[in-house]
1. Leaving out ligands, DNA and RNA, and with a 1.4 Å probe, what % of the accessible surface on the range 58-203 is carbon or sulfur?
2. Taking 7 Å along the Cα-to-C-beta vector as the label spot, tell me the residue 89-residue 239 distance in nanometres, rounded to one decimal.
3. Express the accessible area of the range 70-193 per residue in Å², computed with a 1.4 Å probe while the remaining protein chains stay in the model.
4. Work out the length of the dipole vector of the range 86-218 about its Cα centre, built from +1 on the beta-carbon of each Lys and Arg and -1 on the beta-carbon of each Asp and Glu, and round it to the nearest 20 debye.
5. In the range 60-179, with Lys and Arg counted as +1 and Asp and Glu as -1 at Cβ, which of these residues, 124, 139, 60, has the Cα nearest the positive end of the dipole, that is, farthest along it?
6. Starting from the Cα gyration tensor of the range 37-136, take the square roots of the eigenvalues, sort them a ≥ b ≥ c, and report rounded, prolate or oblate (rounded when a/c is under 1.5, otherwise prolate if a/b is larger than b/c, else oblate).
Amino acid sequence: MGCTTLGFKDHPGATASRAIWPRMVWPLELLVAVAGDLCYEVVQAAAPSNPSGALGHARAIRSLEPRPVVEAEGLLNHALNGHAMLASLAGYYYVGLHLTITGAVLAWLWLRRPGLYARARTVLFSVSLGALAVFWILPVAPPRLAVPGMVDTLLSRHVLGAAAPGSAHGLVNEYAAFPSLHMAWAAWCAWALSGALSGRSRRLVWLYPALTSVVVVATGNHYVLDVLAGLAGLWVAVLAVDGQGRRKVTSRSTPATTTLVRAGTVRATTFPARRTRNRGATSRNASSGLGASNTTRSAGPSTRMP
């Protein structure tokens, strides 16, 4: 998902999306963002909790991963938890940064890139709602609850806000591993910033989702397949938002030729004659044409001044 293919500046759907989902005044935008987050958390917590089904889905997902990937997940988890300070940092990274950085990027777009905000906001809401639907239909237990020997970094390091296995409390869904919304939001931040920035900084922002992918796997919260599903969800959301915007704009607009004619902007265009190798023939043709023109003018009725 390169920044030129799905970036703001290079994708034709950006203009259509801004026309269909315009930016509202900031109190309404803030109200919609807060209400959307609360509704998301409530619906996520109310999702059907079936440990046996979630564990079965987790085994199915893990069976789809190649053996080297499965082994790498375990090695990464134990390597991280072998260093107490690093494990604590990764735990707080997982718990806190996805909301903080996503909200900060959204606010920055509103303030500094208002022309890009509407499309980015709509894509973020779309990928979040899509993930919520999958959480409801397909609950999946994370590796820390489904894989024997996997260390739960959040619990072992007593990270603030972590829920105990099997005893979800508050607005927490223990079986929402697939897709990784942490990964989808991190990739959204990089996607949005890469289209809003220029130079080397538009490439450096992709370090954030790269680091996030390592953290979510190393802490035992997601499989590698969950990470890939989060990226795929963002890609589908971008295509859906841009495609819907283009369809609505096309259906509401008038044909380009009609608009130009009505506006009186169509002008006759004279193209230069092609050069030919036989310059004599060209000269004769021009002379004969000139003579025909003179003959035509002289053939008309003569008008004498009184």
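The values are calculated or read from the model by the stated rules, or taken from the named source; none is laboratory data. Computed from a prediction, not measured in an experiment: that's the story for all the values here. Because the Cβ atoms are built from the backbone with ideal geometry, glycine has one as well, and the counts that use them run over all protein chains shown. Calculation scope for accessible area: heavy atoms of the full protein, side chains included, ligands and nucleic acids excluded. Shrake-Rupley method; radii C 1.70, N 1.55, O 1.52, S 1.80 Å.
1. For the range 58-203, the apolar C and S fraction of the accessible surface comes to 68 percent.
2. 3.8 nm
3. Here the per-residue accessible area is 42 Å².
4. I would put it at about 640 debye.
5. Highest projection toward the positive end goes to 124.
6. Here the range 37-136 falls in the oblate category.
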